[in-house]
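Novice: What follows is a single structure, and I will ask about it in a moment.
Just so it is clear, none of the values below were taken in a lab; they were calculated from the coordinates. Bear in mind that the values here come from a model prediction, so they are computed numbers and not experimental data. Note that each Cβ is placed from the backbone with ideal geometry, even for glycine, and that neighbours are counted across all protein chains shown.
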Amino acid sequence: MPDAVPRQQVTAEQSNEDSPPPRRPPANVDPIQVDTGSVIVVADSDDFFTPEGAEAIRDAVAAIEALPQVDSLLWMDRAPMMNIFGLAEPILPRKNASKNRFDAAKKRALEHPLVVGQLLSPDAKTMLLMVNIDWMYIHDDADCTDALRDAANAAVADHPNVKIQFRVTGNVPVRLSRAASNRSNEIKYQIIGYSIALTVAFILFRGLSAVLIVGLAPAMGVFWTLGIFHFLGWNDNPFNTVIVPVLLCMVGFTDGVHMMVHIRKHRAAGLSATDAARISIREVGLACWLTSFTTAIGFGSLVLAHHEIVREFGYCCVIGVLTTFIAVITVIPLACASPLGRRVHAGYGTNLVDKNLERITGIIDFVLERYRLISWVAIVSTLVLAVTTLMLRPDERLTSNLAASSEPAQALAHIDKQFGGMETANVSVGFPDVAEGSGEIVTVIAKVEAVLRSEPLIGHPLSIHSLLRALPGDGDAETRMS
């Protein structure tokens, strides 16, 4: 099942854009919104509609509400009753009720449009507790995640014959889990990238001082770039904290290798450290600038994207590539002129680069002799890839940046399976030329609702038609509307 598939809510609008705003509900009417909640506590059990199970879930709700950081909680038992008198009546019977009453309550809950598919799964085995947080009482991330689950588990522990599993998800837990995953990925992938760069540098140059100097330049570039990100407030983007450092490490490493090869060559020829650095910058500085500039242009095209995260990633790549170029042309020459680079040319001519550098000329000659063919192949390949790119469709999911084993991700997957998704969407239908209270409104809404129900990726649509149909009384929904 795809995650975060929206549950639809169909509303009817009888006014056009110039009409006055909708009226507020009367003073004696309490509006209800089933998709609210900063945190969703997912409860799974086969015993909800049993005497002890009903008592256990009530105790769990009371324990969660007793926490100071909980502002409000909406669950199945507080859904408005669909009776003709509008009398308040809990859906779950009391503990001393008979089995027949619990069976009738289960049937009534599965027919309630504000309960089934919204707060209770169609198999009556999964219940959602919508929790709103009072942020004045939040002192730690666990206060709005682990504390809720632990309070519910402690309350249910007093009912040993009832088995209820609680998991926490929702907007707040997903954000916290995503931030933790980003921090973990940031450290992991940077270690991988730096290890690869140092290993390749050691294979190429063999000398410890050359390896350290080549690795120092991209490390300084990444350090400066991350400082700029924090200064500009761009450190919450997962692309910036995970992908950009590794990308800059590779870009800076390739430029650093070119610079180091020429410095070692001139030092081996007898030039001083200062003269070798000056001549090397003159020889390959422009080439390194052109590669960095073209790389910055390529990533800079992302600033034209509509997605804010992608656009911000483009800006960060441009800043990072240019900053890393500055690090390469300053740090490597300075380090080579320092005591660390005193023997940077030791072993020149015996390493992998020096032995095979001349062999690259064969590849260059091959390309130059067939420049027309190579150019046409590049042009055609670019066009094919451009067409392929235009055919791609975005597929962003709430769980894209979450660890699959994390509690919010697993709870989201369970909500997808049982409810059709956590997120909601609204379909607004306007009736500018229809009289207020006309049965035609419900007829059209019913057709829209039927279309939405036929879509397998949509959960349980909720509309005025489903509410009128659930109310007791004679006649169809169209007749009651009029």
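Novice: May I ask you to sort 55, 440 by Cβ crowding, counting other Cβ atoms within 10 Å and putting the fewest first? Kindly include the intermediate steps, with their values, before the conclusion.
Specialist: Details: 55 18, 440 13.
Fewest-to-most Cβ neighbours within 10 Å comes out as 440, 55.
Novice: Which order do peptides 320-328, 169-177, 335-343 fall in by mean Cβ count within 10 Å, highest first?
Specialist: Numbers: 320-328: 24.0, 169-177: 21.3, 335-343: 17.2.
Final packing ranking: 320-328, 169-177, 335-343.
Novice: I need the peptides 138-149, 204-215 ranked by packing, meaning the mean over residues of other C-beta atoms within 10 angstrom, with the highest value on top.
Specialist: Working: 138-149: 17.0, 204-215: 21.2.
The most tightly packed comes first, giving 204-215, 138-149.
Novice: Further, regarding this structure: Quick one: what are the phi-derived ³J(HN,Hα) couplings along segment 228-245, Karplus 6.51/-1.76/1.60 with θ = phi - 60°, whole Hz, x for glycine and proline?
Specialist: After applying 6.51 cos²θ - 1.76 cosθ + 1.60, I find 5, 4, 5, 5, 8, x, 9, 8, 8, 7, x, 5, 5, 8, 10, 7, 4, x Hz.
Novice: Just subtract the alpha-carbon distance of residue 360 and residue 138 from 0.36 nm times their residue separation and send over the number in nm, one decimal.
Specialist: Numbers: separation 222, 0.36 × 222 = 79.92 nm, distance 6.19 nm.
Using 0.36 nm per residue and subtracting the Cα-Cα distance, I get 73.7 nm.
Novice: Give the percent of DSSP beta bridges with both residues in the chain that are antiparallel, rounded to the nearest 5.
Specialist: Details: 16 of 25 bridges.
DSSP beta bridges in the chain are roughly 65 percent antiparallel.
Novice: Additional query: Expected output is a single nm value to one decimal: the length gained when fully extending between residue 342 and residue 310, i.e. 0.36 nm times separation in residues minus the C-alpha distance. What is it? Could the numbers behind the result be given before it?
Specialist: Values: separation 32, 0.36 × 32 = 11.52 nm, distance 4.39 nm.
Full extension from residue 342 to residue 310 adds 7.1 nm.
Novice: Step through the table entries 125/188; 163/188; 99/125; 106/417; 188/417; 107/447, compare each Cα-Cα distance with 28 Å, and write down the pairs that go over it.
Specialist: Working: 125/188 39 Å; 163/188 38 Å; 99/125 17 Å; 106/417 20 Å; 188/417 32 Å; 107/447 26 Å.
Pairs exceeding 28 Å: 125/188; 163/188; 188/417.
Novice: Can I ask one more? At 0.36 nm per residue, and after removing the present C-alpha to C-alpha distance, how many nm does the segment from residue 154 to residue 111 gain when stretched out fully?
Specialist: On the way: separation 43, 0.36 × 43 = 15.48 nm, distance 3.16 nm.
That works out to 12.3 nm of additional length.
Novice: Another question, if that's okay. Would you mind computing, in nm to one decimal, how far apart the modelled labels at residue 293 and residue 388 are, each placed 7 Å from Cα along Cα→Cβ?
Specialist: 3.0 nm
Novice: Would you mind computing, in nm to one decimal, how far apart the modelled labels at residue 378 and residue 101 are, each placed 7 Å from Cα along Cα→Cβ?
Specialist: In this crude label model, residue 378 to residue 101 measures out at 8.2 nm.
Novice: Sort 424, 274 so the one with the fewest other Cβ atoms within 10 Å of its own Cβ comes first.
Specialist: Working: 424 16, 274 11.
Least crowded to most crowded, the residues run 274, 424.
Novice: Oh, and also: Using a 10 Å cut-off around each Cβ, can you sort 289, 75, 234 from fewest to most neighbouring Cβ atoms? Walk me through the numbers before you get to the answer.
Specialist: On the way: 289 15, 75 25, 234 19.
Sorted ascending by nearby Cβ count, the order is 289, 234, 75.
Novice: Right, another one. Hey, how many Å between the Cα centroid of segment 197-239 and the Cα centroid of segment 136-181?
Specialist: 39 Å
Novice: What Kirkwood Rh does segment 174-369 have if only Cα atoms enter the pairwise 1/r average? Answer in Å. Could the numbers behind the result be given before it?
Specialist: Working: mean 1/r = 0.0561 Å⁻¹.
About 17.8 Å, per the Kirkwood formula over Cα pairs.
Novice: Continuing with this model, one more query. Strictly greater than 21 Å: what percent of every Cα pair in segment 120-193 meets that? Walk me through the intermediate numbers first.
Specialist: On the way: 1243 of 2701 pairs.
When every Cα pair of segment 120-193 is considered, 46 percent fall beyond 21 Å.
Novice: Using the C-alpha atoms of the chain, what convex hull volume per residue, in cubic angstrom, is computed?
Specialist: Working: hull volume 108.9 nm³, N = 482.
Output value, Cα hull per residue: 226 Å³.
Novice: So what's the gap between the Cα centers of segment 284-349 and segment 92-115, to the nearest angstrom?
Specialist: 67 Å
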